Amino acid sequence: MEPSAPITQDVMTFPRKETPSDKINLVGLTRDALRQTLIENGTPEKQAKMRTGQIWQWIYQWGVRDFAEMTNLAKDYRAMLAEKFEVRVPEVVSKQVSEDGTRKYLVRIDGGHEVEVVYIPEEGRGTLCVSSQVGCTLTCSFCHTGTQKLVRNLTAAEIVGQVMMARDDLNEWPERGAPKDETRLLSNIVLMGMGEPLYNFENVRDAMKIVMDAEGIQLGRRRITLSTSGVVPEIHRTAEEIGCLLAVSFHATTDETRDVLVPINKKWNIEKLLDALREYPKATNSERITFEYVMLKDVNDTDEDARRLVKLLDGIPAKVNLIPFNEWPGAPYKRSSNNRIRAFATILMQAGYASPIRTPRGEDIMAACGQLKSATERARKSRRQIEAEAGLQAQ
């Protein structure tokens, strides 16, 4: 890969905010949990449902953080809220803007840990790539994030807070009483950032329910795509309890290769994964499942692989996103050539499967797929170390 182009737009850093208070953060609470929290802190039970709805709209529909601005609540009630509660989202440490307009945020969460969030603008839409864990348990050998050990799961507040933070930066909170505007800069969410979402199921579910709420951020379930490496037992739960679109980090057509690229395959192999996926569209009545397939030179990119993939997908409403490998320092793989990727795509398309080739975005700021890694945990490994962990010979 050619050296990354220099960043020609803003690279912004932000001063560290004061230490968080011991007030209760209302962000990330489900409606039921918010109602119960208000009752436990003095709100009369008969009023709690109404107060929950009012506060919910202020926080998630209008983006208000200051209780004093919640003007349909009595002054003394607002004072009580300010004394006991806060509306807090992850703190932006830095923002980088790529030459192609992609924005990468480094945000700080509780405990001083940091995660990366990426906003990708496109014509007529904008997609936010959200993280669900600090680090990752999966150690996929082609993924930069996978070289960082899992630190902890993100809370529901920290997950939905990434969406709120991005809307802050995009200045996209509507004014109260303004006509509804269907044109959104942040129109889609993909749970494809740091971590495996289905290893943090409950927090991801609660955060996405807030995002989908009709009186909140108001993104429909078809605007949300959850990407999993194949946590089979949680796939059915995702259909039942979230109902969003599903993407699968597939990347190989034999268990032998997928065991190396996506080690979770050793626990739930290709056959078990595909059996679970065949049931998913039936459960959600959703659109096609997206199969993500990173193109690695001389590893998974042959015509034989493409033909094998066609056979594996039989009976599954599917499309295949072909992802040119986004190289990172010390990566043990190389990107397949453009000609090889196009030949692979042609075989899939001739079999009736949509197979768009993803245009890498934000490579110059290490914001592309598979490149995210928090700055606080960015200890460099040598190429030889990474290759050894991947079970490969040094190239």
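The helices (runs of 4 or more DSSP H) falling completely within the stretch 281-395 that include 2 or more residues that are over 27 Å from L154 (Cβ atoms) and either in contact with a strand residue (DSSP E or B) (Cβ under 6 Å, 6 or more places away or on another chain) or modelled with pLDDT of 80 or more (or both) map to 303-312, 338-350. Taking the criterion of being assigned to a helix (DSSP H, G or I) and surrounded by 17 or more Cβ atoms within 10 Å (Cβ to Cβ), the residues of the stretch 263-279 that qualify are P263, I264, N265, I270, L273, L274, A276, L277.
Just one of the numbered conditions (1) surrounded by fewer than 17 Cβ atoms within 10 Å (Cβ to Cβ); (2) at pLDDT 90 or above; (3) hydrophobic (A, V, I, L, M, F, W, C) is not true of A178: (2). Taking the criterion of being of a type in the set (F, W, Y) and without any contact (Cβ under 8 Å) to a residue 40 or more places away in the chain, would at least one residue in the stretch 104-121 satisfy it? Within the stretch 104-121 (the criterion being of a type in the set (F, W, Y) and without any contact (Cβ under 8 Å) to a residue 40 or more places away in the chain), the answer is no, since none of the residues qualifies. For Q162, the conditions (1) modelled with pLDDT of 95 or more; (2) touching a helix residue (DSSP H, G or I) at 6+ places or on another chain (Cβ under 6 Å) all hold with the exception of (2). Candidates in the stretch 74-103 are the residues that are in contact with a helix residue (DSSP H, G or I) (Cβ under 6 Å, 6 or more places away or on another chain) and free of Cβ contacts under 8 Å to residues at least 24 places away in the same chain; of these, the one that is surrounded by the fewest Cβ atoms within 10 Å (Cβ to Cβ) is A82.
Condition check: without any contact (Cβ under 8 Å) to a residue 12 or more places away in the chain and of a type in the set (A, V, I, L, M, F, W, C). Does M349 satisfy that?
Taking the combined requirement at face value, the residue satisfies it.
I'm trying to understand the selection: among the residues of the stretch 328-337, which are farther than 10 Å from K297 by Cβ and either surrounded by 21 or more Cβ atoms within 10 Å (Cβ to Cβ) or within 20 Å of the chain's Cα centre (by Cα) (or both)? Hits for the stretch 328-337 are W328, A331, P332. Would you check which residues across the stretch 75-107 are over 23 Å from V64 (Cα atoms) and small (G, A, S) and list them? Within the stretch 75-107, S98, G101 qualify.
For the stretch 280-307, the set of residues classified as surrounded by fewer than 17 Cβ atoms within 10 Å (Cβ to Cβ), more than 21 Å from the chain's Cα centre (by Cα), under 25 Å from Q350 (Cα atoms) and charged (D, E, K, R) consists of K297, D298, D303, E304, R307, listed by residue number.
The values are calculated or read from the model by the stated rules, or taken from the named source; none is laboratory data. Note that the coordinates shown come from a computational prediction; the quantities given were computed from them, not determined experimentally. Neighbour counts run over all protein chains shown; Cβ positions are idealised from the backbone, glycine included.
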